[in-house]
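Asker: My questions will all concern the structure given below.
The values are calculated or read from the model by the stated rules, or taken from the named source; none is laboratory data. The shown structure was predicted, so the numbers you read here are calculated from the model rather than taken from an experiment. Every residue, glycine as well, gets a Cβ built from its backbone with ideal geometry; the counts of neighbours run over all protein chains shown. Keep in mind that these areas ignore ligands, DNA and RNA; they rest on the heavy atoms of the full protein, side chains included. Shrake-Rupley method; radii C 1.70, N 1.55, O 1.52, S 1.80 Å.
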Amino acid sequence: MLTLAPCGSVKTLEFMTWLGIEVPRWLQAEITRGDPLAASYEQCLLNARALIAYCRRLGLPFGINVESLTNRKLEIDASIDLLREIRDLLG
């Protein structure tokens, strides 16, 4: 089971860290410069694609959960968009 949550701000990143989510330093740096939501969204999508391909190749069961960790409309909308893209990947 993989849980994905787009991160749209430094405040959300700090909250994710507080929750115990480990975000690699290189990804923290990428998220905190430029457009954090776009960078985070793209990384979530890359992770979903990698998990799907890996599990399908090995015949392993898997699940993907998409969450929004804030009440910010942009992040909620990004979570919904991500869910739709992943649903399309799953066929």
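Asker: Which residue is nearest to residue 87 (Cα to Cα), if the candidates are limited to the stretch 12-56 and must be of a type in the set (Phe, Trp, Tyr) and touching a residue at least 12 places away in the same chain (Cβ under 8 Å)?
Answerer: Within the stretch 12-56, the match that is nearest to residue 87 (Cα to Cα) is 41.
Asker: Have a look at 58, 46, 82 and point out the one that is in contact with a helix residue (DSSP H, G or I) (Cβ under 6 Å, 6 or more places away or on another chain) and at pLDDT 95 or above.
Answerer: Answer to the check: 82.
Asker: Criterion first (exposed (fewer than 13 other Cβ atoms within 10 Å of the Cβ) and out of contact with any Cys (no Cβ under 6 Å at 6 or more places or on another chain)) does residue 59 satisfy it? Even if it seems obvious, please write down each step before you answer.
Answerer: Working: exposed (fewer than 13 other Cβ atoms within 10 Å of the Cβ): yes; out of contact with any Cys (no Cβ under 6 Å at 6 or more places or on another chain): yes.
Yes.
Asker: A follow-up question, please. Out of the residues in the stretch 63-91 that are of a type outside the set (D, E, K, R) and part of a loop (DSSP other than H, G, I, E, B), state the one that is least open to solvent (accessible area, probe 1.4 Å).
Answerer: Top of the filtered list is 63.
Asker: Out of the stretch 27-60, which residues are under 12 Å from the mean Cα position of the chain (by Cα) and aromatic (Phe, Trp, Tyr)?
Answerer: 41
The rows are residues; the columns are (1) at pLDDT below 90; (2) in contact with a helix residue (DSSP H, G or I) (Cβ under 6 Å, 6 or more places away or on another chain); (3) within 16 Å of residue 67 (Cβ to Cβ); (4) open to solvent by less than 40 Å² (accessible area, probe 1.4 Å).
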{"site": "4", "(1), (2), (3), (4)": "no, yes, yes, yes"}
{"site": "7", "(1), (2), (3), (4)": "no, yes, yes, yes"}
{"site": "14", "(1), (2), (3), (4)": "no, no, no, no"}
{"site": "19", "(1), (2), (3), (4)": "no, no, yes, no"}
{"site": "33", "(1), (2), (3), (4)": "yes, no, no, no"}
{"site": "37", "(1), (2), (3), (4)": "no, yes, yes, yes"}
{"site": "40", "(1), (2), (3), (4)": "no, yes, yes, yes"}
{"site": "50", "(1), (2), (3), (4)": "no, no, no, no"}
